[in-house]
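Encoded as structure tokens, the structure appears first; notes follow it.
Here, each number is a calculation from the coordinates, and none is a lab measurement. Owing to the predicted nature of the structure, the values given are computational and were not obtained by experimental measurement. Every residue, glycine as well, gets a Cβ built from its backbone with ideal geometry; the counts of neighbours run over all protein chains shown.
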Amino acid sequence: MKFNLLADSGATKTSWSLIYDGQVIHQFDSKGISPIYQSEQEIEEYIYATVFPAYRDKTIDAIYFYGSGCIPEKVPIVKNAIYKSFPLETIQVYSDLIAAVHALCGYQKGIACILGTGSNSCEWDGEKIVKQISPLGFILGDEGSGADLGKRLVNNALKEQLPAGMKETFLETYQLTPSIIIDKVYRQPFPSRFLAGLSPFLLKNIEEPVVRKIVLASFSDFFEKNVMHYNYKNNKVNFVGSIAYYYSDILRQAAVDKGIETGIIYKSPMQGLIEFYKDK
């Protein structure tokens with residue numbers, strides 16, 4: 001058995017878990033790490049300043065890092081940055097989609113989906129991804145994500161589609177004005193994080209028919225434009241991500257409406273990853 005350090009990094013947070021024989025020895029959370037938005041030097045400096053102190057006195061045999069933006073050409077950036085603080089022989093870097101696949105499907109075939117700040121999905125044959133519909137990001141896609149829900153909320157609020165008083169409550173809750181929203185979406189960095197951060201307002205008001213309709217439409221679009229391009233009639237559709245977890249009842253309703261069978265829904269992939277690496 002080895003001491004494996006697992007990292008699951010989304011747009012906003014990275015969860016680190018040191019495990020041995022399927023047991024969590026130490027857990028630690030840091031900010032999100034993404035080679036799309038950060039240089040190798042920035043990631044290296046952040047890991048050394050924030051993550052390394054938490055594990056400098058721990059035994060670590062291997063690191064398995066799963067992250068948003070860890071596409072093949074960006075993998076060396078993250079791997080090199082980690083190596084500067086943890087010079088180990090085994091450092092593997094995978095995409096967040098592979099994290100979902102390993103956590104949800106393991107070595108079994110199935111459909112794995114991510115519904116968090118952003119969204120993603122693929123069909124898995126037990127060994128490799130056999131089909132993936134590009135999520136396209138929050139401007140062109142990311143249906144079903146927190147960013148998409150936030151975008152739909154803002155649209156409905158500013159276009160006077162919400163019940164009386166709800167627009168004002170929404171703006172007051174987040175201390176926003178239309179001009180501030182425009183600035184945060186079009187001029188400030190990380191607009192998807194900003195939009196996703198508004199989605200809890202929908203959850204808080206989910207009993208309002210118009211709010212439930214907004215959420216259901218987002219999930220329906222996710223199924224139509226992504227999942228229904230896979231072999232969904234012969235595979236269960238599984239999910240990781242806070243949006244899938246907290247809105248699971250509406251998500252399952254949207255699936256039933258499309259004739260789709262849902263399976264596992266995890267808040268984060270870490271639970272499944274710990275099981276996946278239990279015997280490694």
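Indicate, rounded to the nearest 5 percent, the antiparallel portion of the DSSP beta bridges found entirely in the chain. In the chain, DSSP labels about 55 percent of beta bridges as antiparallel.
Here the Karplus relation 6.51 cos²θ - 1.76 cosθ + 1.60, evaluated at θ = phi - 60°, turns the backbone of region 155-162 into coupling constants of 4, 5, 5, 6, 9, 6, 9, 8 Hz, with x for every Gly and Pro. Sorted on the mean count of surrounding Cβ atoms within 10 Å across their residues, most packed first, peptides 245-251, 227-233, 55-61, 267-273 read 267-273, 245-251, 227-233, 55-61. Taking Lys and Arg as +1 and Asp and Glu as -1, the other residues whose beta-carbon sits under 14 Å from that of residue 87 total 0.
I'd like to compare 176-185, 140-149: which one has the highest average count of other Cβ atoms within 10 Å, and what's the full order after that?
Numbers: 176-185: 13.7, 140-149: 26.3.
Top of the packing list down: 140-149, 176-185.
Which of rounded, prolate or oblate describes region 139-216 when judged by the alpha-carbon gyration tensor and an a/c cut-off of 1.5? Since a/c reaches 1.5 but b/c is at least a/b, the shape of region 139-216 is classed as oblate.
Taking label positions 7 Å along the Cα-Cβ direction at both residue 182 and residue 88, the computed distance is 4.9 nm, reported to one decimal. A simple spin-label model places the labels of residue 20 and residue 248 3.2 nm from each other, with each point 7 Å out along Cα-to-Cβ.
Compute the Cα gyration tensor for the chain, then decide on rounded, prolate or oblate, letting a ≥ b ≥ c be the square roots of its eigenvalues: rounded whenever a/c is under 1.5, prolate when a/b is larger than b/c in the other cases, and oblate in all that remain. Intermediate values should be presented prior to the final figure.
Details: a/c = 2.12, a/b = 1.40, b/c = 1.52.
It comes out oblate by the Cα gyration axes.
The H on the amide N of residue 262, modeled in the peptide plane, is under 5 Å from the matching H of 237, each at least 5 residues off or on a different chain.
Annotation: amide H of residue 93 within the under-5 Å range of 65, sequence separation 5 or more or interchain, hydrogens built in the peptide plane. With the highest mean first, a sort of the peptides 200-213, 66-79 on other beta-carbon atoms found within 10 angstrom per residue produces 66-79, 200-213. Take the alpha-carbon centre of region 9-76, take the same for region 136-204, and report the distance between them in whole Å. Here the two parts' Cα centres lie 29 Å apart. Listed by chain and number, the lysines placed with their C-alpha closer than 21 angstrom to that of residue 204 are 151, 159, 167, 213, 267; residues fewer than eight positions away on the same chain are left out.
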